[in-house]
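One structure is given below, encoded as structure tokens.
Only the coordinates and a few stated rules stand behind these numbers; no lab work does. Here the structure is a predicted model, which is why all the values come from computation and not from measurement. Here the Cβ positions follow ideal geometry from the backbone for every residue, glycine too, while neighbour counts run over all protein chains shown.
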Amino acid sequence: MAINAENSVVGIEYEVKEAGSNEVVDTNKGAQPLEFITGKGHIIPGLENALVGMSEGESADILVKAADAYGEVNPEAVQTIPKEQFEGIDLQEGMTLYGQGEDGQSVQVTVKSFTDNDVTVDFNHPLAGKDLMFNVKVLSERDATEEEAATGVVGGEDEHCHSGSCGCGH
């Protein structure tokens, strides 16, 4: 069976580097597989599109252009904010901060610079503007159940935790 563009439950092992670099940016080798349901936007589109048609046990090197990964760098995503909004934080250039945006979504920013009054932050993803090279192995592939397809959750809503250790109460 091959991975479908919609509603395949896929487990992969991966290693990712910036294209042209030998430095590993992220990997799950030696850890749990990354499991996701295709067509739900769980992983970057360029990687998901390249996996469609692959089968369990298959490996590939996949180049994902910046536009199909974390997007191009958006200069408007660099903003200057009053320093008072960072009260209690020992600011350092290059540090990553996590918070909540006005819409309630989680946001990640990188501190570019700061003065006594202002902090300049970059809302772009750290890998924005970068082409990525993935080394991927498909460890598992199957059709999603009706519940998985409806909820977008591998194993369904109540089956993501079998031990009760995740804090969900099941």
Along the Cα-to-Cβ line of residue 21, 7 Å from the Cα, sits a label point; which residues in segment 110-152 have backbone N less than 12 Å from it?
-> 126-133
To the nearest 500 deg cm²/dmol, what mean residue ellipticity at 222 nm is calculated for the chain from DSSP H runs of n ≥ 4 alone, each contributing -39,500 (n - 2.57), summed and divided by the residues?
-> -2000 deg cm²/dmol
Looking at 75, 64, 99, which one has the Cα that reaches farthest to the positive end of the dipole of segment 56-137 (charges on Cβ: Lys, Arg +1; Asp, Glu -1)?
-> 64
Could you list which residues have their amide H under 5 Å from that of residue 19, counting only those 5 or more apart in sequence or on another chain, with H placed in the peptide plane?
-> 131, 132, 133
Of the peptides 76-83, 144-151, 130-137, how do they stack up when ordered by the mean number of other Cβ atoms within 10 Å, highest first?
-> 130-137, 144-151, 76-83
Phi to ³J(HN,Hα) by Karplus 6.51 cos²θ - 1.76 cosθ + 1.60 over segment 110-122, Hz, x for Gly, Pro = 10, 6, 8, 6, 7, 10, 5, 10, 10, 10, 9, 10, 10
Just one of (1) 16.9; (2) 15.9; (3) 18.4 is Kirkwood radius over Cα pairs in Å calculated from these coordinates, so which is it?
-> (3)
Could you size up the charge dipole of the chain around its Cα centre, putting +1 on the beta carbon of Lys and Arg and -1 on that of Asp and Glu, and report it in debye to the nearest 20?
-> 400 debye
